[in-house]
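Participant: Can you read through this structure? Questions will come right after.
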Amino acid sequence: MKRIKAFILLLCCILFSVETLSSQTETVTLLGDSLQEVVVTARRAREIIPGQSLSGRQLQHLSSNSVADALRYFSGVQIKDYGGIGGLKTINIRSMGSQHVGVFYDGIQITNAQNGTVDLGKFSMDNMEVLSVYNGQKSDVFQSAKDFASAGAFYMVSRRPVFKDSDNNFNFKLKSGSFDLVDFSGLWEHRWGKNIVSSVNAEVLNTSGKYKFRYQKEGGYDTTEVRRNGDVFFIRTEAAVFGKNNSSDWMLKGYFYTSERGYPGAAVKKDYEISLLNEDRQKDRNFFVQGSFTKRVSDFYQFMLKAKYANDYMNYVMPPETTVQPANNHYWQQEVYASFSNLFNLTEGWSANVAADFQWNKLNADGSDMFNANFIQPRRYTFLVAAATSLDLSFGLKMQGSVLYTYLHDKGNGKSEPAPDKNEFTPTLLFSYKPFRMIDLNFRAFYKNIFRMPTFNDLYYVQLGSRSLKPEYTDQFDIGLSFRKRFAHSFCTEIRVSADAYYNTVKDKIIATPTSNQLTWTMVNLGYVKIRGVDMGVTPTFRLADVDLSVRLSYTWQKAQDYTEEKKEPDLGEGVISVYGDQIPYIPVHSGSAIINCSYRSWNLNYSYIYTGERYMLGGNIPVNYVPAWYTHDVSLSKSIRVKKCLLDVTAEINNLFNQQYEVVKWYPMPGTNFKVILSLTL
């Protein structure tokens, strides 16, 4: 009934808009146009609720090794980091789980059908231009069906070529510092003509990943150890071609990544000593080629095509010296994706989109352990159809509604039956209201119902998966506001303020539970989580003579509580305790960040601060599961030196300035004070 009511409300909005729409146009500058700056007359931006973004100089000057490090500065975002450069890094938006976050690279989603998570540690900051986080979904009506299919979305946009006096741009960057780090990257951009440009980027990184950390025994930090098996060697290459003319825009991109790394294990205290025996190794090879084509046929109609082929390989080794069940497993994933979106501009303020996507995923595996003996080797066929409409009314009200249909069909190799087919309809409604024409104050709200399908591991992992699993459903409610004020003759040139209150639920949450013994577990639908929170952000900018100062402050208050009545855990020999109403694992009640950037002519100083409050590593909020709060201070100073037509940037970074000993994930210690020197030469 809830979905039917949402759909009826969407239809009412469409009917009501026919009588009240009026023509409204404004002059806008195309953001991110790589070929040249073009000023056109167009309809107002279709994005109703903007996301959080980091771009330009502010993104460049963050002390970040990967995009996962930069994401820590967004409100409502949690990053799980298993220690060091080589550790796994995943994103969680508003506590709904990593599998509920869609990760997009240049407009097309990166997927992992095996376990549903994307390791953000594989993506470098060197070639990134914009990072954006959206709660619910990106509210641009003209997008693929995949863009509607997640509870939250993270978008990475790579650098697009921009030319001035030459048809070629070259950039070479060298980084070195703690952990025996050597990181070299090169970029070549070329303009082939008026409408076609290309970009080639390559990076090689090598690090031992070793760093000292202090470990707490009874009475304080009195043990110093070295974090081992965190070495990383990777090669990343990307090549892209971009084209644009008066009526079309297209892009073709290839990506290749290969790495060999160690996965540092948990630093677990055993009999007052530390176990550091983990020697697990992993090799990765990721390749994809993707493209998009957008064509404006007329003022009434335009379409967008997207396609992708991905081929991923992983080899995970657990040596016999450090485990009772050694393994040498190989996994091969393939993906084929195609999307067709159609935008209809019905009037100046009313547009509609119909999008259809197809995705095929395949997972093969073999290895030396028992896991692969009866592996079903699944194939998944996913069909998505989205219908969306967006209204821009004359009195400041904007609305968008969408309905997504998902059909999923799994096939196996005949060793066992695959999971049954699944059909789902899920609606979304978004609103934005600007009550005053001359004041940039906007109120916003949205409701979204969505789900995430069980992964191949959830369904088919031997002695763990369950074919009868249902999807994990989420309901999201959000209400907020944003305010922007510019000052003409003042030290403070602009201030932006945003605040959101939200309530989310996750039902049929997929969790692992033991069966007849502690060695054999299975996946079941048991969990139910309620999430209440507030996100706030303040961004003032200042200017005095040649000094520019920008500040970005964010704060999150969040109560994410487990209301699964049946779930209970042993209390270390003191009976059984209920976790009903407890904060779910690794979600702090309080968290926040601050970024202060100061530039003076060719000098740039950047300071950043991150705070994450106390958490619990398991569902029971008891002392043995307690993980203390942590915070870090990072500072960087850079200088630009121009020599004829060459520009040399020199940057020095100091991270974790006060050498705080902390853990993002329990028993996975993070580095203390570390430094980095960056040399960047642009020709």
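Participant: Consider LEU391 carefully, then state whether it is more than 27 Å from the chain's Cα centre (by Cα), in a strand (DSSP E or B) and surrounded by 21 or more Cβ atoms within 10 Å (Cβ to Cβ). It would help to see each step written out before you state the result.
Facilitator: Values: more than 27 Å from the chain's Cα centre (by Cα): yes; in a strand (DSSP E or B): yes; surrounded by 21 or more Cβ atoms within 10 Å (Cβ to Cβ): yes.
Answer is yes for this residue.
Residues are listed down the side, and each one gets a yes or a no for (1) assigned to a strand (DSSP E or B); (2) of a type in the set (Lys, Arg); (3) without any contact (Cβ under 8 Å) to a residue 60 or more places away in the chain:
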site: ASP126; (1), (2), (3): no, no, no
site: GLU129; (1), (2), (3): yes, no, no
site: VAL133; (1), (2), (3): yes, no, no
site: LYS138; (1), (2), (3): no, yes, no
site: SER150; (1), (2), (3): no, no, no
site: MET156; (1), (2), (3): yes, no, no
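Participant: What residue, of LEU391, LEU469, LEU481, LEU441, is touching a helix residue (DSSP H, G or I) at 6+ places or on another chain (Cβ under 8 Å), closer than 24 Å to GLY349 by Cβ and not polar (S, T, N, Q)?
Facilitator: LEU391 is the lone residue from the list that is touching a helix residue (DSSP H, G or I) at 6+ places or on another chain (Cβ under 8 Å), closer than 24 Å to GLY349 by Cβ and not polar (S, T, N, Q).
Participant: Do the conditions hold for VAL589, that is, is it crowded, with 16+ Cβ neighbours inside 10 Å, in contact (Cβ under 8 Å) with a residue 12 or more places away in the chain and of a type in the set (Val, Ile, Thr)?
Facilitator: No.
Participant: Please work out which residue is nearest to ARG160 (Cα to Cα), limiting yourself to the range 238-250 and to residues that are in contact with a strand residue (DSSP E or B) (Cβ under 7 Å, 6 or more places away or on another chain) and surrounded by fewer than 16 Cβ atoms within 10 Å (Cβ to Cβ). Lay out the reasoning, then the answer.
Facilitator: So in the range 238-250, the residues in contact with a strand residue (DSSP E or B) (Cβ under 7 Å, 6 or more places away or on another chain) come out as 238-243, 247-250.
Going one step further and asking which of them are surrounded by fewer than 16 Cβ atoms within 10 Å (Cβ to Cβ), we end up with 247-248.
Numbers: SER247: 19, SER248: 17 Å.
Restricting to residues being in contact with a strand residue (DSSP E or B) (Cβ under 7 Å, 6 or more places away or on another chain) and surrounded by fewer than 16 Cβ atoms within 10 Å (Cβ to Cβ), the top hit is SER248.
Participant: Identify, please: which residue in the range 545-554 is of a type in the set (A, V, I, L, M, F, W, C) and modelled with pLDDT of 90 or more and is, among those, surrounded by the fewest Cβ atoms within 10 Å (Cβ to Cβ)?
Facilitator: VAL547
Participant: Across the range 413-453, which residue is farthest from ILE510 (Cα to Cα) among those that are in a loop (DSSP other than H, G, I, E, B) and in contact with a Gly (Cβ under 7 Å, 6 or more places away or on another chain)? If you could, list the steps in order and put the result at the bottom.
Facilitator: Just the residues of the range 413-453 that are in a loop (DSSP other than H, G, I, E, B), to begin with: 413-421, 434-439, 453.
Now drop any that are not in contact with a Gly (Cβ under 7 Å, 6 or more places away or on another chain), which leaves 418, 434-435.
Numbers: PRO418: 18, LYS434: 40, PRO435: 43 Å.
Selected residue: PRO435.
Participant: Checking the condition within 30 Å of GLY592 (Cα to Cα) and assigned to a loop (DSSP other than H, G, I, E, B), which residue from SER498, SER482, SER468, SER490 passes?
Facilitator: Being within 30 Å of GLY592 (Cα to Cα) and assigned to a loop (DSSP other than H, G, I, E, B) holds for just one of SER498, SER482, SER468, SER490, which is SER490.
Participant: A further question on this structure: Using the structure shown, decide if VAL336 is modelled with pLDDT of 90 or more and either in a strand (DSSP E or B) or under 30 Å from the mean Cα position of the chain (by Cα) (or both). I'd like the intermediate steps shown before the answer.
Facilitator: Working: modelled with pLDDT of 90 or more: yes; either in a strand (DSSP E or B) or under 30 Å from the mean Cα position of the chain (by Cα) (or both): yes.
Judged against the criteria, VAL336 is a match.
Participant: Could you figure out which of (1) touching a strand residue (DSSP E or B) at 6+ places or on another chain (Cβ under 6 Å); (2) at pLDDT 90 or above; (3) not aromatic (Phe, Trp, Tyr) isn't true of SER275?
Facilitator: Of everything listed in (1) touching a strand residue (DSSP E or B) at 6+ places or on another chain (Cβ under 6 Å); (2) at pLDDT 90 or above; (3) not aromatic (Phe, Trp, Tyr), SER275 misses just condition (2).
Participant: Sort out which residues of the range 404-447 are among the charged types (D, E, K, R), surrounded by fewer than 16 Cβ atoms within 10 Å (Cβ to Cβ) and free of Cβ contacts under 8 Å to residues at least 40 places away in the same chain, and write them in order of number.
Facilitator: Those that are among the charged types (D, E, K, R), surrounded by fewer than 16 Cβ atoms within 10 Å (Cβ to Cβ) and free of Cβ contacts under 8 Å to residues at least 40 places away in the same chain: LYS411, ASP421.
Participant: In the range 162-178, how many are surrounded by fewer than 18 Cβ atoms within 10 Å (Cβ to Cβ), part of a strand (DSSP E or B) and of a type outside the set (Ser, Thr, Tyr)? I'd like the intermediate steps shown before the answer.
Facilitator: Of the range 162-178, the ones surrounded by fewer than 18 Cβ atoms within 10 Å (Cβ to Cβ) are 162-168, 170, 172, 174, 176.
Checking the rest, the ones that are also part of a strand (DSSP E or B) come to 168, 170, 172, 174, 176.
So of that shortlist, the ones also of a type outside the set (Ser, Thr, Tyr) come out as 168, 170, 172, 174.
Counting residues in the range 162-178 that are surrounded by fewer than 18 Cβ atoms within 10 Å (Cβ to Cβ), part of a strand (DSSP E or B) and of a type outside the set (Ser, Thr, Tyr) gives 4.
Participant: Does LEU618 satisfy the criteria of being more than 29 Å from the chain's Cα centre (by Cα) and either surrounded by 14 or more Cβ atoms within 10 Å (Cβ to Cβ) or touching a residue at least 24 places away in the same chain (Cβ under 8 Å) (or both)?
Facilitator: In short, no.
Participant: Yes or no: the range 87-102 includes at least one residue that is of a type in the set (Lys, Arg) and at pLDDT 85 or above.
Facilitator: Initially, the range 87-102 is screened for residues of a type in the set (Lys, Arg), giving 89, 94.
Applying the additional criterion that residues be at pLDDT 85 or above yields 94.
So far as the range 87-102 goes, yes, one or more of its residues are of a type in the set (Lys, Arg) and at pLDDT 85 or above.
Participant: Return the total of residues in the range 653-683 being in a loop (DSSP other than H, G, I, E, B) and farther than 30 Å from ASN168 by Cα.
Facilitator: 13
Participant: From VAL650, VAL643, VAL635, grab the single residue that is closer than 22 Å to LEU174 by Cβ and free of Cβ contacts under 8 Å to residues at least 12 places away in the same chain.
Facilitator: Details: VAL650 fails: free of Cβ contacts under 8 Å to residues at least 12 places away in the same chain; VAL635 fails: free of Cβ contacts under 8 Å to residues at least 12 places away in the same chain.
Going through VAL650, VAL643, VAL635 in turn, just one is closer than 22 Å to LEU174 by Cβ and free of Cβ contacts under 8 Å to residues at least 12 places away in the same chain: VAL643.
For every residue, the table says whether it meets (1) among the charged types (D, E, K, R); (2) in contact with a Lys or Arg (Cβ under 9 Å, 6 or more places away or on another chain); (3) buried (at least 16 other Cβ atoms within 10 Å of the Cβ).
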position: SER602; (1), (2), (3): no, yes, no
position: GLY613; (1), (2), (3): no, no, yes
position: ASN625; (1), (2), (3): no, yes, yes
position: SER638; (1), (2), (3): no, no, yes
position: LEU648; (1), (2), (3): no, yes, no
position: ALA652; (1), (2), (3): no, yes, no
position: GLU663; (1), (2), (3): yes, no, yes
position: PRO669; (1), (2), (3): no, yes, yes
position: SER680; (1), (2), (3): no, yes, yes
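Participant: Scan the range 55-65 and tell me whether some residue there is more than 20 Å from ALA266 (Cα to Cα) and modelled with pLDDT of 80 or more. Quick ask: steps written out before the conclusion?
Facilitator: Within the range 55-65, the subset more than 20 Å from ALA266 (Cα to Cα) is 55-65.
Imposing the further condition that a residue be modelled with pLDDT of 80 or more reduces the set to 55.
Taking every residue of the range 55-65 in turn, at least one turns out to be more than 20 Å from ALA266 (Cα to Cα) and modelled with pLDDT of 80 or more.
Participant: Just one of (1) in contact with a Pro (Cβ under 7 Å, 6 or more places away or on another chain); (2) at pLDDT 95 or above trips up TRP557, so point out which.
Facilitator: (1)
Participant: Take the conditions in a strand (DSSP E or B), modelled with pLDDT under 90 and either at positive phi or among the charged types (D, E, K, R) (or both) and apply them to GLU569. Does it pass? Give the derivation first.
Facilitator: Values: in a strand (DSSP E or B): yes; modelled with pLDDT under 90: yes; either at positive phi or among the charged types (D, E, K, R) (or both): yes.
For GLU569, the condition - in a strand (DSSP E or B), modelled with pLDDT under 90 and either at positive phi or among the charged types (D, E, K, R) (or both) - is met.
Participant: Do we have SER185 as outside any loop (DSSP other than H, G, I, E, B) and touching a His at 6+ places or on another chain (Cβ under 6 Å) here?
Facilitator: No; evaluated as a whole, the condition is false for this residue.
Participant: Looking at (1) on the phi > 0 side of the Ramachandran plot; (2) in a strand (DSSP E or B); (3) not β-branched (Val, Ile, Thr), which is the one condition that is false for ASN606?
Facilitator: (1)
Participant: Any idea how many residues of the range 448-464 are under 26 Å from the mean Cα position of the chain (by Cα) and surrounded by fewer than 19 Cβ atoms within 10 Å (Cβ to Cβ)?
Facilitator: Qualifying residue count for the region: 1.
Participant: Of all residues in the range 372-404, which are polar (S, T, N, Q) and touching a Phe, Trp or Tyr at 6+ places or on another chain (Cβ under 9 Å)?
Facilitator: GLN377, THR382, THR389, SER390, GLN400, SER402 - these are the residues of the range 372-404 that are polar (S, T, N, Q) and touching a Phe, Trp or Tyr at 6+ places or on another chain (Cβ under 9 Å).
The values are calculated or read from the model by the stated rules, or taken from the named source; none is laboratory data. Computed from a prediction, not measured in an experiment: that's the story for all the values here. Here Cβ is always computed from backbone atoms with ideal geometry, including for glycine, and neighbour counts include all displayed protein chains.
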